[in-house]
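> Let me begin by handing over the structure; questions about it come next.
The values are calculated or read from the model by the stated rules, or taken from the named source; none is laboratory data. None of the values given here were measured: they were computed from a predicted structure. No Cβ is skipped: glycine too gets one built from the backbone with ideal geometry, and neighbour counts run over all protein chains shown.
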Amino acid sequence: MAAAAMLARRHPVQPALPLPLLLLLAVAPTVRARVTALIVFGDSTVDAGNNNAIPTVVRSNFPPYGRDFPGATGRFSNGRVATDFYSEALGLGRDFVPAYLDPDYGIQDFAIGVCFASAGSGLDVATSRVFRVIPLWKQVDMFREYKARLAAHLGAAEAHAVVAGAVYAVSIGTNDFIENYYALTTTRFLEFTVPEYTEYLVGLARAFLAELYGLGARRIGFTGLAAMGCLPLERARARALGTSGGCDERYNAAARAFNAALAGMVAELGGELPGAEIRVAEVYDFFEGVVRDPARHGFARADVGCCGTGTYETGYTCGAWAAAPGGTCPDADRYVFWDAVHPTERASRLVAEHLINTTFGRFE
Ligand SMILES: *[C@@H]1O[C@H](CO)[C@@H](O)[C@H](O)[C@H]1NC(C)=O
C-alpha cells in the first residue's frame, strides 16, 4: 500500500491546512490590478509603423511586409509583432498596438495602448543617428506629449490613472551591438571595450527607466537581448568570414553579458523606486532553444529568413523580392525568421506567449 494512502487512512479528516484557509485558497481570485493600457518603447522588434512618418531608410511599409496580416503597416514582420500579442493577452480589447505617429489613430485610440518605438533605434543615441531614426530620448518626449494629450482628452485624474495602471514594454539594445558597435558605423568601438560598452548601455537603460518612473510608469517589462549571433544576417556574415557555419558566439556572449548586467541593475533600481515593479523579460534561453531546435516548435528553418535569400535582406532589400515569383517562402509559419533579422509572426507569437507567461501577464 502506498505511504500516502496509509497516511490518509490513519488521518482521514486531517487536512494539511486549517479548513477556513483551504476554502480561502480555493476561492481567492488572482488579485491583479486592472491593466489600463500597454505603452511601448524600443526598436524594430516592436515598432508598429512610427518610421513611416520620418525620413529614414529603415522602413517596411511595403510588400512583402505584412504579407499575411494585416498589410504593410511598417511592422518588420509578415504579420504582427510581440507587443500586439501582449495587448491581446492583457485584455485591452485590441489585438494590436497602434504607432503614435500613425495618422489613422488618435488620442482616443492611444488611451488603451500606444507604440513609440522606432526601427533601428538603440539605447545609445549614436545608434539612432546611424539611420536617423527616433532616439530613445525622443520616444520619451513623445510620451510626455501623449500624457498631456491624454489629460486634455480624459481629464487629469483619469489620465493619471491610465498612466499609473499601464504596462510598459521596452524592447531595445540589439542595434547598439549589431548596427553600431560591431558594425563599426560609429566611433564606439574605438571608445569602449565590449564590457565597457555593455556597462555604458546598462547605465543608459537605468536612466531611461528612472525617467519613465518619474513620468508615472510603475509596471515596466524590459525585454533582454536574444541570441543575436543566431540572426540569419550574423550567421551569413560569420560564414563569409570563414569563422563558422553556425551562430556567431561572440555576439551571443555579448547578449548574455548585457542581460546579466541588465538584471542586476533592474533588481537594484526596483528596490530604490517605491511602488515600482520593473522586470526583465528573459528571452535569451527560450529563443535560443527555438533557434537550436526549430523542429520541436514546428519550424522547418531557423538559419535563413523567408524573404529572398534570407541571408542579408531587411527593409528595402527584402521589398525588392516582393514581385519576384517565389521571392518569399510559401509558408512563413515554417520559418523562425521572416527576413534576415526579424522573426516571423509565428515566432513572435511563440516568444510573446513565453514572455506573457513569465513577465507581461504577471504584473500585480
Ligand atoms: C504559456 O502558458 C500556457 C498556459 O499555461 C501554455 O499552454 C503555453 O504552452 C505557454 N506558452 C509558452 C510559450 O510557454
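> State which residue pairs qualify: first residue without any contact (Cβ under 8 Å) to a residue 40 or more places away in the chain and inside segment 186-200, second residue among the hydroxyl-bearing types (Ser, Thr, Tyr) and in a loop (DSSP other than H, G, I, E, B) in any location, beta carbons under 9 Å apart, and separation of 6 or more residues or different chains.
Final answer for the pair search is Phe189/Tyr182.
> Further, regarding this structure: Over 22 Å from the mean Cα position of the chain (by Cα), modelled with pLDDT under 95 and among the hydrophobic types (A, V, I, L, M, F, W, C), is that true of Ala238?
yes
> Determine whether Arg144 is over 17 Å from the mean Cα position of the chain (by Cα), under 17 Å from Val163 (Cα atoms), in contact (Cβ under 8 Å) with a residue 12 or more places away in the chain and assigned to a helix (DSSP H, G or I).
Judged against the criteria, Arg144 is a match.
> Consider segment 354-364. How many of its residues are in contact with a Gly (Cβ under 8 Å, 6 or more places away or on another chain) and either more than 16 Å from the ligand (Cβ to nearest atom) or not hydroxyl-bearing (Ser, Thr, Tyr) (or both)?
The qualifying residues number 3.
> Would you mind telling me which numbered condition in (1) surrounded by fewer than 24 Cβ atoms within 10 Å (Cβ to Cβ); (2) in contact with a helix residue (DSSP H, G or I) (Cβ under 7 Å, 6 or more places away or on another chain); (3) farther than 19 Å from Asp141 by Cβ Leu190 fails?
Against the list (1) surrounded by fewer than 24 Cβ atoms within 10 Å (Cβ to Cβ); (2) in contact with a helix residue (DSSP H, G or I) (Cβ under 7 Å, 6 or more places away or on another chain); (3) farther than 19 Å from Asp141 by Cβ, Leu190 comes up short only on (2).
> Which ones in segment 244-274 are touching a helix residue (DSSP H, G or I) at 6+ places or on another chain (Cβ under 9 Å) and outside any helix (DSSP H, G or I)?
Ser244, Gly245, Gly246, Cys247, Asp248, Leu273
> Only residues in segment 339-353 that are at negative phi and within 14 Å of the ligand (Cβ to nearest atom) count as the first member; pair them with residues that are β-branched (Val, Ile, Thr) and part of a helix (DSSP H, G or I), Cβ under 8 angstrom, at least 6 apart or cross-chain, and list the lot.
Correct list of pairs: Pro343/Val351; Ala347/Val290; Leu350/Val290; Val351/Val290; Ala352/Thr83.
> Follow-up. Of all residues in segment 35-84, count the ones that are of a type in the set (Gly, Ala, Ser) and assigned to a strand (DSSP E or B).
Final tally of qualifying residues: 1.
> Among the residues of segment 277-295, which ones are part of a loop (DSSP other than H, G, I, E, B), touching a residue at least 60 places away in the same chain (Cβ under 8 Å) and either in contact with a Lys or Arg (Cβ under 6 Å, 6 or more places away or on another chain) or surrounded by fewer than 18 Cβ atoms within 10 Å (Cβ to Cβ) (or both)? Even if it seems obvious, please write down each step before you answer.
As a first pass, look at segment 277-295 and keep what is part of a loop (DSSP other than H, G, I, E, B): 282-283, 293.
Imposing the further condition that a residue be touching a residue at least 60 places away in the same chain (Cβ under 8 Å) reduces the set to 282-283.
Selection gives Glu282 alone.
> I've got another one for you. Of the conditions (1) outside any helix (DSSP H, G or I); (2) within 16 Å of the ligand (Cβ to nearest atom); (3) in contact with a helix residue (DSSP H, G or I) (Cβ under 8 Å, 6 or more places away or on another chain), Gly305 satisfies every one except a single condition; which number is it?
With (1) outside any helix (DSSP H, G or I); (2) within 16 Å of the ligand (Cβ to nearest atom); (3) in contact with a helix residue (DSSP H, G or I) (Cβ under 8 Å, 6 or more places away or on another chain) applied to Gly305, the lone miss is (2).
> Would you mind finding the one in Tyr316, Tyr284 that is within 16 Å of the ligand (Cβ to nearest atom) and not charged (D, E, K, R)?
Numbers: Tyr316 fails: within 16 Å of the ligand (Cβ to nearest atom).
One residue alone meets the criteria, Tyr284.
> Could you please let me know if Phe299 is in contact with a strand residue (DSSP E or B) (Cβ under 9 Å, 6 or more places away or on another chain) and within 16 Å of the ligand (Cβ to nearest atom)? Before the answer, list the steps.
On the way: in contact with a strand residue (DSSP E or B) (Cβ under 9 Å, 6 or more places away or on another chain): yes; within 16 Å of the ligand (Cβ to nearest atom): yes.
Criteria met by Phe299.
> Confirm whether Asp333 is in contact (Cβ under 8 Å) with a residue 12 or more places away in the chain, surrounded by 16 or more Cβ atoms within 10 Å (Cβ to Cβ) and assigned to a loop (DSSP other than H, G, I, E, B).
No: the conditions fail for Asp333.
> Quick one: Ala183 ticks every box in (1) under 23 Å from Arg206 (Cα atoms); (2) over 21 Å from the mean Cα position of the chain (by Cα) bar one, so which box is it?
(1)
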